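What follows is a set of notes on a single structure, which appears directly below.
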Amino acid sequence: MKAHPSNGTPAGIDFAPLGYNESDVNEQAPGRSVDLVRFLLANWRKLAVGFSVGLAAGVAFYYVSGHRYNASTRVLVSKLAGTPLQEGGATTYGDRAEHVQLIKSDVIIRRAFDNANLGELPTLAASDEPIRDLIEDLKVKRTAGQDRSFMNFFDISYESRSKRDAATVVGAIVDAYEQYLLETRKEQSQEVLDLVSEAEVKLQKEIDQLKREYQEFRKASPILFQNPVGTPGSNGSVTLTPPNHYLAAVDQLYKDQRDNRQRRTNVRAQIDVLKAMQEDGESRKAIEQYVLMSMAQRSSGGQGGGASNPLLTVNPAKDRLDAKLLEARIQEANLVHHFGDRHPEVEKLRKTISGILDAYAAEGLRPPAFDRFDGPSGPNEPGPDGVDLAGVYMNYLEEQLRQLDLSDRSIERQLSEAIALAKEHSEYEVIDRQFSTELQRKQALWDGIVSKLSMVDFTKKHTGYRMTRISDILVELSIKRIAKVLGAFGMLGALSVFGLQYFREWQDTTLRSLDELRRLTDTTVMGIVPHFVVDPGDSSRQGGLSDALCYYHNPGSQEAEAYRSVRTTLFFSTAPHNDRVIQVSSPEQGDGKSTSIANLAIAVAQSGKRVLLIDADMRRPTQHQLFAVPQDVGLADVLRREIEWINAVRATPIDGLSLLTAGATPANPAELLSTSDLSTLLHAARSEFDYVFIDAPPLLAVSDPCIISPHVDGMLLVVRMQKNKRPAVVRTRDMLNSHGVELYGVIANDVVISDGAEEEFGAYAAYYNAGPVTETTHGAPSPSQQPVLTSNGDPV
């Protein structure tokens, strides 16, 4: 078997179920394909018959196999409303598929089988695997509700040959599932209760242990840490929040240290100012005025309104007392200097000084020592101008520096101790917070478990699923099984016919479309001659011409218009080289070439041309029958030189058309054509006629067309659609190519309009007039029309 040149598959056996075959486009290996739409339209009656036969077989099978009964009931499976709604919407439950799978599970089926003794039923007693048979024949379907809905309705059905057995099985399945739901509800409630109780006991132990550890930690913590600010909880526990005194003390000491250093800086600045004024030679009055202003500012409490200048104080209360005492001592010295020691104003001022000293004692403070009043006469003795205020104030500032230095060292010591205590306190605070957080977390868990425990105990009788029968068990004849059996057998019958016809169609390799014809011949389709049937018994024909000459008898018909189209195309094809001698042939016998060339010759003659039609098919001559002329003298006699060709030519009833018949049939037509002077004959005919048409035998039958081809200008090939096979057309084309024959084009003959030429004729049917005699049909002729000629001129 020859292989496909491109893909290695065997040639000619390609399968194209949807009407397209890639190998169709390969001329060397034409494949097989089926136009599925056309195939179905052409075989629908046979398919209907196959379907009917299948239905009959299905009815017979049903009665042989016996009736089957379907028992069914409907149940409601609902969730018990014992669980409270969730936040944001209603609680949903398991998918309906869970119930379907459970009812059909081995657990429920086996429970029903054992409880109801289903093994004793006649239809199951003979079964080797009754459980499996029950699962396969049981049907469970949800009929109402939605996915994850609160309620679901289920239809439970079972088919059996026995009414009683079917009803018994359905009842046993329903009872078994109802019992299963009840037992499952109890088991699940008890399991949940046990789990929650166990968790509650375990968590309570953990809380007690954590409290004990926390108490031990509190006992081991520092004393100051054991006085937290607490909030008692609902269970008697205390949520501890220890005040962070140590961090506050550290912050205050840092602040005091900064203030103390700032005061020391300002006091030094005051001392430097006084020394600078003395060194610069400022007057005593200016220096004393500066001192009095500074003292006045201190005694008035500064800008704060109740405290002395914060830059010159260590303790605000002591600073005020110091300022007052200093001012009083200076006034005392001045009064003593001017009025004497016993003056009433001096006595009065001394009482004020005594009051100030009592204030020091009351505040627990030590007054400063103002025992030096340097003057011109020596210590404690005012000069001529009174007390030296600058010197006294300088002594006071130096005393302030000494106190600030002592205070700074004291703050440094206190700060170190406070930092150590704060670090220790922070560690205890972190541990305390961890204990507190863990206690709160476990307490919250314990509260939730206690709440869940009370809820489980309350709802244990109201959770799970409940099944309710809402219809009785109904037993009826299984209509679905009848429909399935009849439908299956009907489809089997139709598919059997389809397969048989499809195989036959697949084996058919005849030409089916004009595109296929163009592709295989690789040339132009010069015309499309539609299928037509004529009745030679009609007496209305004139001149004795055959009814197959439709161009003459029915010039307004579709067939005549088709030959006009061929004529026009032929004129354009032969005009460039003035071709006049044209051979007409076909691949095989019965393709209608003789009828086609006769009608074409008439069409050319009626266009005003002089035409000679030569019948060169000396084996099966036809032209003398079509034109009703004698056959005794013709081409064979001319080739044997028994008569001049011009004397053998006969006139026809058509103006401008002459006919040279085949003559007496010779014993060796091929040798006669080869040895005779055929070219002289055709040369002489070319000078006398405008066109010479030669009716040659089929190309694949004999070699005559190839012998004639060197003496003609070109060839017209007639192909009959749905008769010629693709391999025959390909061989014909290859033969013409090998002999160098110029092919003007092909004529698609006997085309059924509904099968490929509707685009050529169907849209213009109103322009054609078939005439009173010609009958154009698209199907087979009726028996009353016998004998009948088709478009190829041969009897049907």
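Does any residue in segment 338-350 that is closer than 15 Å to residue 328 by Cα come within less than 7 Å, Cβ to Cβ, of a residue that is open to solvent by less than 90 Å² (accessible area, probe 1.4 Å) and of a type in the set (Gly, Ala, Ser) six or more places away or on a different chain, and which pairs are these?
Correct list of pairs: 349/328.
For segment 185-211, enumerate the residues that are among the hydrophobic types (A, V, I, L, M, F, W, C) and free of Cβ contacts under 8 Å to residues at least 12 places away in the same chain.
Result: 195, 201.
Based on what the data block shows, is residue 686 among the charged types (D, E, K, R), assigned to a helix (DSSP H, G or I), closer than 26 Å to residue 565 by Cα and modelled with pLDDT of 50 or more?
Spelling it out, residue 686 is indeed among the charged types (D, E, K, R), assigned to a helix (DSSP H, G or I), closer than 26 Å to residue 565 by Cα and modelled with pLDDT of 50 or more.
Quick test of your reading of the structure: residue 547 fulfils all but one of (1) buried (at least 23 other Cβ atoms within 10 Å of the Cβ); (2) under 60 Å from the mean Cα position of the chain (by Cα). Name the failing condition by number.
In the conditions (1) buried (at least 23 other Cβ atoms within 10 Å of the Cβ); (2) under 60 Å from the mean Cα position of the chain (by Cα), residue 547 misses (2) alone.
With the checklist (1) aliphatic (A, V, I, L, M); (2) within 25 Å of residue 532 (Cβ to Cβ); (3) modelled with pLDDT of 90 or more in hand, flag the one item residue 560 doesn't pass.
(3)
If I ask for residues that are at pLDDT 85 or above, surrounded by fewer than 12 Cβ atoms within 10 Å (Cβ to Cβ) and closer than 22 Å to residue 169 by Cα, which ones from segment 472-487 would you list?
Listed by number, the list holds a single entry, 472.
Working only within segment 573-595, note down all residues that are in contact with a helix residue (DSSP H, G or I) (Cβ under 8 Å, 6 or more places away or on another chain) and either without any contact (Cβ under 8 Å) to a residue 60 or more places away in the chain or in a helix (DSSP H, G or I) (or both).
Of everything in segment 573-595, those that are in contact with a helix residue (DSSP H, G or I) (Cβ under 8 Å, 6 or more places away or on another chain) and either without any contact (Cβ under 8 Å) to a residue 60 or more places away in the chain or in a helix (DSSP H, G or I) (or both) turn out to be 594, 595.
If I filter segment 697-706 for residues that are among the aliphatic types (A, V, I, L, M) and in contact with a Leu (Cβ under 7 Å, 6 or more places away or on another chain), do I get at least one hit?
No, there is no match, as no residue in segment 697-706 is among the aliphatic types (A, V, I, L, M) and in contact with a Leu (Cβ under 7 Å, 6 or more places away or on another chain).
If you scan segment 639-683, which residues turn out to be in a helix (DSSP H, G or I) and open to solvent by less than 70 Å² (accessible area, probe 1.4 Å)?
Matches in segment 639-683: 639, 645, 648, 669, 670, 672, 673, 678, 679, 681, 682.
When you look at residue 564, is it touching a helix residue (DSSP H, G or I) at 6+ places or on another chain (Cβ under 7 Å), without any contact (Cβ under 8 Å) to a residue 60 or more places away in the chain, surrounded by fewer than 20 Cβ atoms within 10 Å (Cβ to Cβ) and at negative phi, yes or no?
Taking the combined requirement at face value, the residue satisfies it.
If residue 335 passes every condition in (1) modelled with pLDDT under 75; (2) over 29 Å from residue 259 (Cα atoms) but one, which one does it miss?
(1)
Sort through 353, 330 and tell me the only one that's modelled with pLDDT of 80 or more, β-branched (Val, Ile, Thr) and open to solvent by less than 50 Å² (accessible area, probe 1.4 Å).
353
Hey, could you check segment 227-264 for residues that are at pLDDT 80 or above, of a type in the set (S, T, N, Q) and buried (at least 16 other Cβ atoms within 10 Å of the Cβ) and say which is nearest to residue 433 (Cα to Cα)?
Across segment 227-264, the extreme among qualifying residues is 257.
Kindly list the number of the only condition in (1) without any contact (Cβ under 8 Å) to a residue 12 or more places away in the chain; (2) under 44 Å from the mean Cα position of the chain (by Cα) that fails for residue 180.
It fails just one condition, (1).
Among the residues that make up segment 608-625, is at least one of them surrounded by fewer than 24 Cβ atoms within 10 Å (Cβ to Cβ) and either under 60 Å from the mean Cα position of the chain (by Cα) or free of Cβ contacts under 8 Å to residues at least 40 places away in the same chain (or both)?
Yes, that holds for at least one residue.
Does segment 377-395 contain at least one residue that is open to solvent by less than 90 Å² (accessible area, probe 1.4 Å), at pLDDT 80 or above, of a type in the set (S, T, N, Q) and over 16 Å from residue 321 (Cα atoms)?
Yes.
Going through segment 514-536 one residue at a time, which ones are farther than 18 Å from residue 563 by Cα and out of contact with any Lys or Arg (no Cβ under 9 Å at 6 or more places or on another chain)?
Scanning segment 514-536 gives 515, 517, 518, 519, 535, 536.
Identify, from the list 792, 749, 769, the residue that is part of a loop (DSSP other than H, G, I, E, B), under 22 Å from residue 565 (Cβ atoms), modelled with pLDDT under 90 and open to solvent by less than 20 Å² (accessible area, probe 1.4 Å).
Matching residue, one of 792, 749, 769: 792.
With the structure loaded, tell me whether residue 692 is under 21 Å from residue 607 (Cα atoms), among the aliphatic types (A, V, I, L, M) and open to solvent by less than 10 Å² (accessible area, probe 1.4 Å) or whether it fails that test.
Considered against the rule, which asks whether it is under 21 Å from residue 607 (Cα atoms), among the aliphatic types (A, V, I, L, M) and open to solvent by less than 10 Å² (accessible area, probe 1.4 Å), residue 692 comes out as yes.
What's the total number of residues in segment 31-45 that are at pLDDT below 85 and open to solvent by 30 Å² or more (accessible area, probe 1.4 Å)?
8
Could you grab me the full set of residues in segment 396-424 that are open to solvent by 80 Å² or more (accessible area, probe 1.4 Å) and either closer than 30 Å to residue 292 by Cβ or in contact with an Asp or Glu (Cβ under 8 Å, 6 or more places away or on another chain) (or both)?
402, 406
The values are calculated or read from the model by the stated rules, or taken from the named source; none is laboratory data. Small disclaimer: the values here were computed from a predicted structure and weren't measured. Cβ atoms come from the backbone with ideal geometry, glycine included; neighbour counts cover every protein chain shown. Calculation scope for accessible area: heavy atoms of the full protein, side chains included, ligands and nucleic acids excluded. Shrake-Rupley method; radii C 1.70, N 1.55, O 1.52, S 1.80 Å.
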